[in-house]
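Read the structure below first, then the notes.
Where a number appears in this text, it was derived from the coordinates with a stated rule and is not lab data. Note that this is a predicted model, so its numbers are computed, not measured. Heads up, the Cβs are rebuilt from the backbone with ideal geometry, glycines too, and the neighbour counts pull from every protein chain shown.
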Amino acid sequence: MLENCKNAQERWGGVHSLIDRWLEQRRTFLISFIELKEACDSELEAVSKPRIDTFSELLMDYISAGHFEIYPELAREAKAFEDDSALEIASKLLERLEMSTAMVLEFDEDFTTVEHCQTNLNRLPAWLDRLAKGLAERFALEDQLIARMHAAHSPQNA
């Protein structure tokens with residue numbers, strides 16, 4: 001039994017580290033979000049394209065890490081544990097995550113060039129409000145995904 005626990009830790013400890021790094025990325029992104037929101041609230045016209053770019057890069061990196069690193073790794077883990085119900089739940093959650101992904105891509109497109117940024121700067125506060133709502137739901141879905149697909153397979157629960 002102890003050997004099984006050790007093997008699970010060795011096998012899935014990397015997943016835990018990956019999730020920890022991803023959640024740290026979320027925290028960093030949220031700090032950038034708050035700083036950009038505060039800048040918009042104090043003096044919108046002073047918000048620079050580089051500041052928006054920094055925020056957008058952190059946002060895109062976070063979303064990309066979820067889609068291309070975290071979600072596939074969680075699915076591999078569930079498959080290894082033959083947890084078909086987790087895979088079914090994950091499929092439904094991932095469908096719901098696509099809505100906020102589309103919104104993030106739309107935001108990135110609206111502020112991708114200097115011209116787009118100048119044209120859409122007045123819409124930035126509304127965009128940030130919209131992102132806040134969409135991302136709050138996304139974080140809740142991602143947390144459900146982690147809880148169902150990873151925490152259920154952790155050595156304490158195995």
request  = Take every Cα-Cα distance within segment 54-158, group them into 10 Å bins from 0 onward, and report for each bin the whole-number percent of pairs it holds.
outcome  = 14, 40, 25, 14, 6, 1
Using θ = phi - 60° and Karplus 6.51 cos²θ - 1.76 cosθ + 1.60, couplings along segment 54-64 (whole Hz; Gly, Pro as x) = 4, 4, 4, 4, 4, 4, 5, 4, 4, 4, 5
note = Phe139 neighbourhood, Cβ < 13 Å, K/R = +1, D/E = -1, net charge +2
query = Nearest 20 debye, what's the magnitude of the dipole of segment 2-153 about its Cα centre given +1 on Lys and Arg Cβ and -1 on Asp and Glu Cβ?
reply = 260
